[in-house]
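A quick write-up on the structure given underneath.
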Amino acid sequence: MTPGSVAEFIAQRGETITITRPSDVSVNLTAKAYCRLYRPNEIAGNVLQGDREVRIAATALSQAPLKGDRVLIGGKTTTVQFVWPAKIGEETAVHILQVRG
């Protein structure tokens, strides 16, 4: 798997989301993302029922998302709780977000 194949998969199967940053009104990013609810066996620790996982190809964004950013998914605003940059080799391929709201 390459960062390009990850981006292609998300572009084909993902939904359009918008990321905004309350502390910086100039941040308004739109991208395709693969979104899903966490499974019951994944709900533990900091993952609460109703949280979602959002995967965004790193190449789809001009800057990385941050904790506290707002993510609009299907008309519903959520807040980023955690951001994990998943790498293939040394290159960030996808940003995996945990969002709540």
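Since every read-out is calculated from the coordinates, none of them should be taken as a lab result. Computed from a prediction, not measured in an experiment: that's the story for all the values here. In this analysis, Cβ positions are derived from the backbone assuming ideal geometry, glycine residues included, and neighbour counts consider all displayed protein chains.
A few notes on this one:
One line per residue, one yes/no per condition, for (1) within 10 Å of the chain's Cα centre (by Cα); (2) within 20 Å of residue 21 (Cα to Cα); (3) aromatic (Phe, Trp, Tyr):
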| residue | (1), (2), (3) |
| --- | --- |
| 38 | no, no, yes |
| 45 | no, no, no |
| 54 | yes, yes, no |
| 100 | no, yes, no |
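- The residue pairs whose first member lies in segment 35-48 and is closer than 23 Å to residue 13 by Cα, whose second member is surrounded by 10 or more Cβ atoms within 10 Å (Cβ to Cβ), and whose beta carbons are closer than 6 Å, counting only pairs six or more residues apart or on different chains, are 35/52; 35/54; 35/73; 36/53; 37/52; 38/47; 38/51.
- Positions within segment 45-78 being among the hydroxyl-bearing types (Ser, Thr, Tyr) and either surrounded by 15 or more Cβ atoms within 10 Å (Cβ to Cβ) or outside any strand (DSSP E or B) (or both), in sequence order: 59, 62, 78
- Members of segment 6-29 that are touching a strand residue (DSSP E or B) at 6+ places or on another chain (Cβ under 8 Å), touching a residue at least 12 places away in the same chain (Cβ under 8 Å) and over 14 Å from residue 59 (Cβ atoms): 13, 15, 16, 17, 18, 19, 20, 21, 22, 27
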